[in-house]
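Participant: My questions all concern the structure below.
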Amino acid sequence: MAVTFRSTVLPNGLQILGEIDPSAHTAAAGFFVRTGARDEPTPLMGVSHFLEHMMFKGSERRGALQVNEDFDRIGASHNAFTSSEMTCFHAHVLPEHLPEAVGMLADILRPALRQADFDEEKGVILEEIAMYEDNPFMALYERMLERYYGTHPLGHRVLGTQASIQSLQRDQMDRFFQDRYASDTMALAVAGRVDFDALVQQAHAACGEWPRGTPGRDHGRFVPQVGDHAWTLPNLTRGYMGMLMPAPALNDPRRYAASLIAQIVGDAEGSRFYWSLVETGLAEEATCSFEGRDGVGEYLVIAACEREAMPKVKAQLLAELDQMVDSLEQAELDRAKARIATAVALAGERPAGRMTRLGSLWAYGMPHTTLDEEMARIESVTLQDLRTCLGEFPLRPVVTGQMTST
């Protein structure tokens, strides 16, 4: 039987979305919250990610140990993630355990936020921030985003900073939760072998009393900040560099062209960067990715090499970007289409992948599309579409950065 899309809205505004596949052997569910680092007041930077951790500390009904034991008892593959623009809590289980998994996810989404748990988890978050600071790619990326976005909240770090987390108080987190985790800014997405009507009844019983809210989001005008920057970290054996430049938003139809451009320029294997920098031994790594966001987007170029080779690597990266428009070939486009189509199809083979796609489309305010429709849109992109996109979003770095040893 074919996959069927179902959707409904509870009276309190909670969206329920499903891709039902009676032939699937598993089922997946995830609660998506349209809030992330960009929605935080700057003094509270990192509160969304910290709150994600606190959900697994339990509700008034169950503590952290009971949460883990209950998920383990049903064999759930469960986790959560926080990004700049959404937070998700999800589980992948055998179909007969889906009601329990959804019930547990709904329960932890009304967290107790115990002071003792908050104090304990703050140390975990601070350690996680320290680990990111020791990762040269992440340290470079976060600093570049801060320079690129300036005062725009997309420059916020998802984990926050040592200072913002140290000063964060439990009551501030509680107020943020009350403001942002409203029923009409959340969705429950499911995929696989699911009894959708029974799920809706269960969601109504478990979540129907959740309050509405009107948190909104800052979509103010964004002007990229220009600059070349350099930072240092101790004990690095390589030099790291990055470049950022404007690209289409994730909810812009030109995102398909942008994704293909990034594949051609800087996929990990078989791209222009790969053949001119990695395969030749000039760089250890050189990639380009398309980072689509709500209302804006950017291309990110990252490379790692011997410190002495950094000027030559930078020159080669810029040369590849500069000649892109005039040297595009159909064979490159065809290969890029095949790679993206394969990735889309692979993600769609598992209910967890379909669930994540469903919730992400909702989080970005995008209408549901089938995998076949998505594949058709990828296939329909032409060389002229790529050239048009490159004309509107030229591959000219706005912010560049490098990270070397102290």
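Participant: List every residue pair whose Cβ atoms lie under 8 Å apart, where the two residues are 6 or more positions apart in sequence or sit on different chains, the first residue falls within the range 34-60 and is under 18 Å from His90 (Cβ atoms), and the second residue, located anywhere, is aromatic (Phe, Trp, Tyr) and in a loop (DSSP other than H, G, I, E, B).
Facilitator: That search, which allows pairs on different chains as well, returns Thr35/Tyr181.
Participant: Please tell me if Leu14 is within 22 Å of Leu358 (Cα to Cα) and in the same structural domain as Phe196 (by TED's automatic domain parsing).
Facilitator: Judged against the criteria, Leu14 is a match.
Participant: Residues of the range 7-28 being of a type outside the set (Gly, Ala, Ser) and either without any contact (Cβ under 8 Å) to a residue 24 or more places away in the chain or within 15 Å of Val93 (Cα to Cα) (or both), which ones?
Facilitator: If the condition is that a residue be of a type outside the set (Gly, Ala, Ser) and either without any contact (Cβ under 8 Å) to a residue 24 or more places away in the chain or within 15 Å of Val93 (Cα to Cα) (or both), then Val9, Ile20, Asp21, Pro22, His25, Thr26 are the ones that fit.
Participant: How many residues does the range 63-104 contain that are within 30 Å of Tyr141 (Cβ to Cβ), buried (at least 18 other Cβ atoms within 10 Å of the Cβ) and out of contact with any Lys or Arg (no Cβ under 7 Å at 6 or more places or on another chain)?
Facilitator: 9
Participant: Check every one of the helices (runs of 4 or more DSSP H) wholly within the range 263-364 and list those with 1 or more residues that are surrounded by fewer than 16 Cβ atoms within 10 Å (Cβ to Cβ) and under 18 Å from the mean Cα position of the chain (by Cα).
Facilitator: Once the helices (runs of 4 or more DSSP H) in the range 263-364 are filtered for at least 1 residues that are surrounded by fewer than 16 Cβ atoms within 10 Å (Cβ to Cβ) and under 18 Å from the mean Cα position of the chain (by Cα), what remains is 330-348.
The values are calculated or read from the model by the stated rules, or taken from the named source; none is laboratory data. All of these numbers come straight from a predicted model, not from anything done at the bench. With ideal geometry, Cβ positions are generated from the backbone for all residues, glycine too; neighbour counts draw on all protein chains shown.
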